[in-house]
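Remarks on the structure that follows.
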Amino acid sequence: MQATFFVVGDWADKYPESVKALHDAGHEVMNHSNTHAHYPQLSVEEIVADLNACNDKIEAITGVRPTLVRLPYGDYDDNAIRAVRSIGMEPIQWDVDSLDWKEIPAEEIVQRVTGKVQPGSIVLFHNAALHTPEALPSILETLIQEGYTFVPISQLILDGEYNTDYTIDHTGRQCPA
């Protein structure tokens, strides 16, 4: 099972071995900004510089330049989207927030995710969340039993048959185009 991990450039600086391990395990490593700034407060030039700085770090570690970005805080406006797309990247949003960053109990994370997932959902988790490792086995088992499969985001929106059939709507949900 493969997933997409969006990493901040500052985190890649601190943990390059983790970034490499994610890539080597077959996961996608994509951009979550270099400094976790609020993009609507930045100019196009500042956003592009921030994205490229993070892309450079990830590419130096993995050999692959990111094509997707999860904007910090899910905070975006037309200017931010224009900046992202001006360098050939696509912004990604999510429709199911695990709220794992709030350190809620694992059982609550499981209920939130399994109760809200629908076909085409993109689920948000955080790499340093306290109870996510405990919650994931139950989430995965439940969703597999319900017939869901898990793929990296680029497989849904950039590659193969899904490229023309699916898009991400303004709520962050993957849906038919």
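Here are the numbers:
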item	result
Matching residues, the range 18-42, being farther than 30 Å from I144 by Cα and in a helix (DSSP H, G or I)	Y39, P40, Q41
From R173, R112, R85, residue being among the basic types (K, R), modelled with pLDDT of 85 or more and surrounded by 14 or more Cβ atoms within 10 Å (Cβ to Cβ)	R112
Residue list for the range 93-115, filter: assigned to a helix (DSSP H, G or I) and in contact (Cβ under 8 Å) with a residue 12 or more places away in the chain	D100, W101, A106, E107, I109, V110, R112, V113, T114
Within the range 48-80, considering residues that are modelled with pLDDT of 95 or more and among the small types (G, A, S), the one most open to solvent (accessible area, probe 1.4 Å)	A60
Positions within the range 15-35 being within 17 Å of A129 (Cα to Cα) and surrounded by fewer than 18 Cβ atoms within 10 Å (Cβ to Cβ), in sequence order	Y15, S18
Tabulated pairs, the range 1-26, first without any contact (Cβ under 8 Å) to a residue 40 or more places away in the chain, second surrounded by fewer than 16 Cβ atoms within 10 Å (Cβ to Cβ) and in a loop (DSSP other than H, G, I, E, B), C-beta under 7 angstrom, 6+ apart or interchain	D10/T35; G26/Q2
Output for the range 139-153, where each listed residue is in a helix (DSSP H, G or I) and open to solvent by 60 Å² or more (accessible area, probe 1.4 Å)	E141, I144, Q145
Residues of the range 57-92 classified as out of contact with any His (no Cβ under 8 Å at 6 or more places or on another chain) and assigned to a helix (DSSP H, G or I), total	14
Which numbered condition E45 fails, given (1) open to solvent by 40 Å² or more (accessible area, probe 1.4 Å); (2) not in a helix (DSSP H, G or I)	(2)
First in the range 132-145 and at pLDDT 95 or above, second anywhere and open to solvent by 90 Å² or more (accessible area, probe 1.4 Å) and outside any helix (DSSP H, G or I), Cβ under 7 Å, 6 or more apart	none
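The values are calculated or read from the model by the stated rules, or taken from the named source; none is laboratory data. These numbers were taken from a predicted model, which means no experiment stands behind them. Glycine also receives a Cβ, built like all others from the backbone with ideal geometry; neighbour counts cover every protein chain displayed. For the accessible areas, the whole protein counts, side chains as well, though only heavy atoms, and no ligand, DNA or RNA atoms are used. Shrake-Rupley method; radii C 1.70, N 1.55, O 1.52, S 1.80 Å.
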